[in-house]
1. In the range 366-412, what residues are under 15 Å from the mean Cα position of the chain (by Cα) and polar (S, T, N, Q)?
2. Checking Asp500 against (1) in a helix (DSSP H, G or I); (2) acidic (Asp, Glu); (3) modelled with pLDDT under 85, only one condition comes out false. Which one?
3. Checking Asp131 against (1) more than 19 Å from Gln189 (Cβ to Cβ); (2) in a helix (DSSP H, G or I); (3) touching a residue at least 12 places away in the same chain (Cβ under 8 Å): exactly one of these is not met. Which one?
4. Taking Met39 and the conditions (1) outside any helix (DSSP H, G or I); (2) crowded, with 19+ Cβ neighbours inside 10 Å, which numbered condition does it fall short on, given that it satisfies the others?
5. How many residues are within 17 Å of Ala643 (Cβ to Cβ) and crowded, with 18+ Cβ neighbours inside 10 Å if we restrict to the range 680-689?
6. Taking the stated definitions as given, is Leu432 of a type outside the set (Lys, Arg), buried (at least 20 other Cβ atoms within 10 Å of the Cβ) and not assigned by TED's automatic domain parsing to the domain that holds Leu274?
7. For Val139, which of the numbered conditions (1) in contact with a strand residue (DSSP E or B) (Cβ under 9 Å, 6 or more places away or on another chain); (2) at pLDDT below 95 fails to hold?
8. Which of the residues belonging to the range 154-176 are of a type in the set (A, V, I, L, M) and under 14 Å from Ala205 (Cα atoms)?
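The values are calculated or read from the model by the stated rules, or taken from the named source; none is laboratory data. Worth saying up front: this structure is predicted, and the values here are computed from it rather than measured. When we count neighbours, we look across all protein chains shown, and the Cβ atoms used for this are built from the backbone with ideal geometry, even at glycine.
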Amino acid sequence: MKAHEFEAIFRRRSLRSPTQTDSRNDGYGILIRLWCLRMLVSLGAGLRLADPDQLADLDAQVRGLLGLDEWLKQRFGDETPTAQELQRELPAQLRRCLADAEAEADRACLPAALHDNLLRLGELIGYEPIDAALLAFRVLLYGDDRLNTCSWLLGPLSVDQAMVSLSRILALPESAVRQALAMHSTLGQSGLLTLERSEGNYLIACLGLVSYGFPRRMLAAQEEIINLFSDAIVPCSPPLLRLSDYDHIRPDLDLLRPYLRCSLADARVGVNVLVHGAPGTGKSQLARVLAADLGCALYDVSCEDENGEPGSGLQRLRALFAAQRLVGRKQALLLFDEVEDVFHDGDGAEGQKSTAQLRKAWMNRLLEQNAVPTIWITNRADGLDPAYIRRFDLVLEVPVPPRAQRERLVRDLAGGLVDEPTVSRLAAVEQLAPAVLTRAAAVLRGVGEAVPAPARPAALARLVECTLTAQGYPGLPAPAWAALAEDYDPTLANCGVDLDALADGLARTRGGRLCLFGLPGTGKTAFGRWLARRLDAPLHVRAVSDLVSAYLGETEKAIALAFREAEQAGAVLLIDEVDSFLRDRQGAQRSWEVTQVNEMLTRMERFPGVFIATTNLMRDLDPAALRRFDLKLRFDWLRPAQAEAMLNETCASLGLPAPDAAVQARLARLPNLAPGDFAAAARQHRFRSFADACDLLAVLEAECRLKPEGGERPIGFV
């Protein structure tokens, strides 16, 4: 082997491109011929060519590079050599060709663009000539079909065979090759070139590159070195949101912002922030907002390659390592979105480990020694190994913004497309995320005048609603229903308590646990919505379907999440049909029934805000749950005076004449009227108009006849 052979090659550059046809006598052609012949002779791949069919199938450019066509013509003329003749004479011919190529090795050189890019990368990353040799060889395996064809003749290789092959092809000590491809090496830590340790790969697959487009770009002149990685490391666009759009996580940002600012100023290593939350809550936008606030660049480790194909977890991890080296000297942040590609890409059902699990030492070193502060983003943090989570400096959750901020977001992101009623409808949806609104507004702006201005609010609402329902969330509240909710009158609730005075008290304390029980339609949920407005607080409503899961332990997690999100948002939390989670444990038949009750009781006790539980089955509740409620309110049928007032209000809102004495007398004979009956009648009026109060009363009477006789009686306290 020649000592420092590649150092000499590296000092020379050819003006030829590997895409051009190279003669055997120019510097680049000499290099490729030398490497091919070493594969064929030193590694025995040429023995395959002793088969006449294999030799005939060999690419014509390879035969021309090796001079085999000339030799065959001179030795056998127009005759086709037999297998015995080839086995006897071809190895000697290949050895003579290799000797000639070795004699010309001092003229071998790299293509100019590859030479220059290797040099610039070396200045940035600080690798040795052996690193450049391995990187150049892998790039040319991609860029030169002749070299790649000869490498396939080696067949599938083990890891040890790959090391030996690289050593002999590049005339480098095997120990040096192993050291250069170790995980802790310069190449390994940079992510530029890594050894695939699975067995049975062809040589080109044994060496993993930072991205699929990297070798092609290495063979072309680049103005900026970062352009070599343009399919993997992308400068982020400016943010669409503002810092004020994240007021609901202001305490966390008040810590995160100065921490990142100091980390950049002091060039701290190992700075990592994990941001998690439901899809579309603005996590990626938060990273852009933070970079803009800090006045630094933000680079995204892309989830897709240049063809739009999803990148593998390993590919993205290599890109992240490279990005650490490439932007390490700049004032910059890195964004690694969708960390599931690395932490959750295994198949637990079949025992396949994730990329992070397969490369624990690599991951731990990255999280502890990364030179550029990195923001990691995921939709779910609970699936990450706790060993990784504890290595993040800050773990920040981004929930859906509260209603006041959602209203501002709607106006900011959809300005000119919405009217105030539509703003109210959109903001009423707790699951409305900035990403959903931004995309809907972009679609509507894209169609321009095709949608007239008066129709745009409804069109935007429709686009948003389609996305929400496809995600499994409730749609938008109907305009008429939203208006009725805004007109809630607490004096028309029959619960034996002055609800105005109760709201004033809760406004002072900002905390309390209320159980609202009674028959359906008596206004329990409507009171919760009204109370949240009185307290100027967001309202988080959770139905049974939002919390119950078929998987063991998931319901408890959903309950805990509901309380945690409400606490972080300063929201009133309302759980409908709470009897599903607080049934008497003495009647439990399964262990999970007990654990759900325990989880709910624990969260209730720890919750510092206003919690409202509604139920139609008060007698089924666990006694321990009853003790934990500060106030139990029974919502009953309307009293006669309340029913008369509600009838008058409903007639006025529907544009009907005031009820006469006969209608009021019939109304007084209905013993089981509830506010929900009037709401149902008002909805019916939209598609089956009433002529007068008598028609309205007929609907109310029909509603009452459908109800079972009697009902749950008071249990002795309120």
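1. Hits for the range 366-412 are Thr378, Asn379.
2. Here Asp500 clears every test but (3).
3. Looking at each condition in turn, Asp131 falls short on (1).
4. The failed condition is (1).
5. 2
6. yes
7. (2)
8. Leu154, Leu157, Val159, Ala162, Met163, Leu166
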